[in-house]
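A short worksheet on the structure shown next.
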């Protein structure tokens, strides 16, 4: 089982220089789905706030960064309950 997830500011990396890319690890072990979703959102918020500093359109970039960072972390976790808590649907294989 995955014990940590990495939250990355993927959307912000498209515009920002590669050297400014941010990421953060979120511990998974022993957490409920709701706690994990809250921790992912908190990490995404922190990473994306750092990633959009000095951007031309920081609000728009932050919203896009946050949405994509949460979706990416949830997809990597591959947990249907977590996806449901995040309002996402995992791709079926």
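The values are calculated or read from the model by the stated rules, or taken from the named source; none is laboratory data. In this text the structure is predicted, and so the values were computed from the model without any measurement. Cβ sites come from the backbone with ideal geometry, for glycine too, and all protein chains shown count toward neighbours.
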For this session: Give the range 69-93 a look and list any residue that's farther than 16 Å from residue 25 by Cα and touching a helix residue (DSSP H, G or I) at 6+ places or on another chain (Cβ under 7 Å), or say none.
Result: 81, 82, 83, 85, 86, 88, 89, 90
For this session: Count, please, the residues in the range 1-59 that happen to be outside any helix (DSSP H, G or I), under 23 Å from residue 84 (Cα atoms), modelled with pLDDT of 70 or more and out of contact with any helix residue (DSSP H, G or I) (no Cβ under 9 Å at 6 or more places or on another chain).
Result: 3
